[in-house]
Amino acid sequence: MRAIFGSKITTAFTLLLIVSLIGIIGFRYVSQYSWIDAVYMTVITMSTVGFGEVQPLDDSAKLFTVVLIIFSVIIFAYAISVVTEYIFSKSDPERLQNKRLQKIMNKIENHIIIVGYGRNGRQAADKLLAYRKPFLVIENNRQVIEKNQNEDFNFIEGNATEDEVLLAAKIKNASCLICTLPEDADNLFIVLSARQINKDLKIISRASQDTSYKKIRLAGADNVIMPDRIGGDHMASLVVVPDLIEFLDNLSIIGKRSINIEEVTFEAMFDDQKSRTIKDIDLRSRTGCTIIGYKSADGEYTVNPEADLSLTPGSKIVVLGRPEQINSLNKEFDL
């Protein structure tokens, strides 16, 4: 917040300084005033106090003065508005926060909405931050929002079971909804409402009970995750295939420089609609990454695809690589 105001105030005073310099130089050479008189004329012109001229102005000097007054009034008004906004923000920071959030919401689209900022919601947010995906969080607990308001994303305060809150989160323009609430009934209701509002929305929901799984799917969720079942399966796998599970865990470590797996669409890599084989793009020699999976436009998956497999529009590839190789991939295709 301070950085935002610091930038605005700097801009305002920089503009005032520039106009002042233009006024001084203009009066010095257009009206042939001395430097002291030029400074005096600039000050009284910009401040519009109405004092008389040092000496009569010719036509060119009058035109210059008119232009100077116009620009001065505009810049003064801007500077006053910035300073006033800063003063009011000191006494009402919530108002400023809401105003900033509204500006962001007016522009946001194709974003992800996370409902709930509990343990699962926080994990989802960390993952999306690592992959630099645009998202926001709907949270009903004011204390949770205040505790985490300095995070690199925005909160919408409200109950996501209400359509007004979902609409405030721009669900019509969103690409995905992640429901992480602990109560299955709440997740079910949100999924049902979200699907009615946005038919094309990808919905991922949490479920705690086996009986809720099918109900949430029928309500419109594309994927339903049961954290307790995943946790138990994961722990058992550490006994059966411990090295494999530890290896997979290392692939999914969250961090700004620890992304090891990336999904890339055909359209993100190529501007045209021309098909190419895996061998043609030669991804390993260009970036160091290895293609470990392929999803066709029809939704069919291929694990460890052959080099002669053709990549077509609408398809996706899954690549594996060290963090620096993933960065090289992103730079290569400007992802």
## Note on the structure
Given the conditions (1) surrounded by fewer than 19 Cβ atoms within 10 Å (Cβ to Cβ); (2) at pLDDT below 90, every one holds for Ile156 apart from (1)
#### Entry: Filtered residues of the stretch 167-190 (kept if out of contact with any His (no Cβ under 6 Å at 6 or more places or on another chain) and under 16 Å from Lys107 (Cα atoms))
Leu167, Ala168, Ala169, Lys170, Ile171, Lys172, Asn173, Ser175
### Task
State whether one or more residues within the stretch 76-96 are at pLDDT 85 or above, of a type outside the set (A, V, I, L, M) and within 23 Å of Glu146 (Cβ to Cβ).
no
### Summary
Filtering the stretch 266-275 for residues that are loosely packed, with under 15 Cβ neighbours inside 10 Å and either of a type outside the set (S, T, N, Q) or touching a Ser or Thr at 6+ places or on another chain (Cβ under 8 Å) (or both) leaves a count of 6
### Task
Please find, within the stretch 206-231, the residue that is farthest from Asn106 (Cα to Cα) out of those that are out of contact with any Ser or Thr (no Cβ under 8 Å at 6 or more places or on another chain) and outside any helix (DSSP H, G or I).
Gln209
### Task
Inspect the stretch 291-298 for any residue being at pLDDT below 90, among the hydrophobic types (A, V, I, L, M, F, W, C), more than 25 Å from Ala130 (Cα to Cα) and exposed (fewer than 14 other Cβ atoms within 10 Å of the Cβ) and give the result as yes or no.
yes
#### Entry: Options Ile70, Ile74; residue that is closer than 15 Å to Phe13 by Cβ, under 40 Å from the mean Cα position of the chain (by Cα) and without any contact (Cβ under 8 Å) to a residue 12 or more places away in the chain
Ile74
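Residue-by-condition table, conditions (1) of a type in the set (D, E, K, R); (2) not in a helix (DSSP H, G or I):
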| site | (1), (2) |
| --- | --- |
| Phe155 | no, yes |
| Lys172 | yes, no |
| Pro182 | no, yes |
| Phe189 | no, no |
| Ser193 | no, no |
### Message
Would you confirm whether or not the stretch 177-198 contains a residue that is in contact with a helix residue (DSSP H, G or I) (Cβ under 9 Å, 6 or more places away or on another chain), in contact (Cβ under 8 Å) with a residue 40 or more places away in the chain, loosely packed, with under 15 Cβ neighbours inside 10 Å and not hydrophobic (A, V, I, L, M, F, W, C)?
### Response
yes
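Residue by residue, here is whether (1) loosely packed, with under 14 Cβ neighbours inside 10 Å; (2) closer than 21 Å to Asp186 by Cβ; (3) of a type in the set (D, E, K, R) holds:
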{"residue": "Ser208", "(1), (2), (3)": "no, yes, no"}
{"residue": "Ile216", "(1), (2), (3)": "no, yes, no"}
{"residue": "Asp228", "(1), (2), (3)": "yes, yes, yes"}
{"residue": "Val241", "(1), (2), (3)": "yes, no, no"}
{"residue": "Leu244", "(1), (2), (3)": "yes, no, no"}
### Query
helices (runs of 4 or more DSSP H) wholly in the stretch 235-335 with at least 1 residues that are farther than 27 Å from Asp152 by Cα - which ones?
242-251, 266-269, 278-281, 283-287
### Task
Taking only the stretch 20-36 into account, find how many residues are surrounded by fewer than 17 Cβ atoms within 10 Å (Cβ to Cβ) and either without any contact (Cβ under 8 Å) to a residue 24 or more places away in the chain or of a type outside the set (A, V, I, L, M) (or both).
7
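The values are calculated or read from the model by the stated rules, or taken from the named source; none is laboratory data. Remember, predicted model here, so these are calculated numbers, not experimental data. Here the Cβ is made from the backbone with ideal geometry for all residues, glycine too, and neighbour counts use every protein chain on show.
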